[in-house]
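The values are calculated or read from the model by the stated rules, or taken from the named source; none is laboratory data. All figures in this text were calculated on a predicted structure; none of them were measured in a lab. Backbone-built Cβ (ideal geometry, glycine too); neighbour counts: all protein chains shown.
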Amino acid sequence: MEKWYAEGLRFGCRSCGRCCGEAPGYVWLDDRELAEIAAFVGRPVAEFLQLYVQTLWRGKSLREKENYDCILLDGGRCLVYEVRPLQCRIWPFWPDNLRTPEAWQAAGRRCPGIGQGPLIAFEQIEGQRMEMAHE
């Protein structure tokens, strides 16, 4: 069965930070990501957990500020961009956004980079989608 995005999709990050805030959400972390981020910010894992992470029904998620921005977003920029979690690295190619053309368009109303920029090949999109599905 051919996917609706078999010809690829256009995406070019605009560095607006909207995918990292402005609405409630979760940024799930596995233990490896947690350790990498803690080391990157120069804090012991236990301290990083206490300051930046909440434990929920599904696992560990980065906390949010009162305005729903990720706690690691500062002035529209990610403080840990180089070691950001998988969930962040593969935006906007999340399985939910790829479900239908309408879901992709809905995500595009929140993200100005969707539908813009270079054409991302189907194989690259599928690789990212599958990586996220296995998390």
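Suppose the filter is of a type outside the set (Lys, Arg), out of contact with any strand residue (DSSP E or B) (no Cβ under 7 Å at 6 or more places or on another chain), at pLDDT 95 or above and under 22 Å from MET132 (Cα atoms); does GLU2 pass it?
Considered against the rule, which asks whether it is of a type outside the set (Lys, Arg), out of contact with any strand residue (DSSP E or B) (no Cβ under 7 Å at 6 or more places or on another chain), at pLDDT 95 or above and under 22 Å from MET132 (Cα atoms), GLU2 comes out as no.
Scanning the range 58-86 for residues that are of a type outside the set (Lys, Arg) and closer than 15 Å to PRO24 by Cβ yields a count of 10.
Among the residues of the range 1-24, the ones that are among the small types (Gly, Ala, Ser) and touching a Leu at 6+ places or on another chain (Cβ under 9 Å) come to 3 in all. Is the range 42-60 home to any residue that is touching a residue at least 60 places away in the same chain (Cβ under 8 Å) and under 29 Å from PRO112 (Cβ atoms)? The answer is no, given that none of the residues of the range 42-60 is touching a residue at least 60 places away in the same chain (Cβ under 8 Å) and under 29 Å from PRO112 (Cβ atoms).
Looking at ARG58, ARG63, ARG43, just one residue is of a type in the set (D, E, K, R) and within 21 Å of MET132 (Cβ to Cβ), and that residue is ARG58. Pairs meeting the criteria (first residue in the range 103-123 and without any contact (Cβ under 8 Å) to a residue 24 or more places away in the chain and closer than 17 Å to GLY17 by Cα, second residue among the β-branched types (Val, Ile, Thr) and in a strand (DSSP E or B), beta carbons under 8 Å, at least 6 apart or on different chains) are ALA107/ILE114; GLY108/ILE114.
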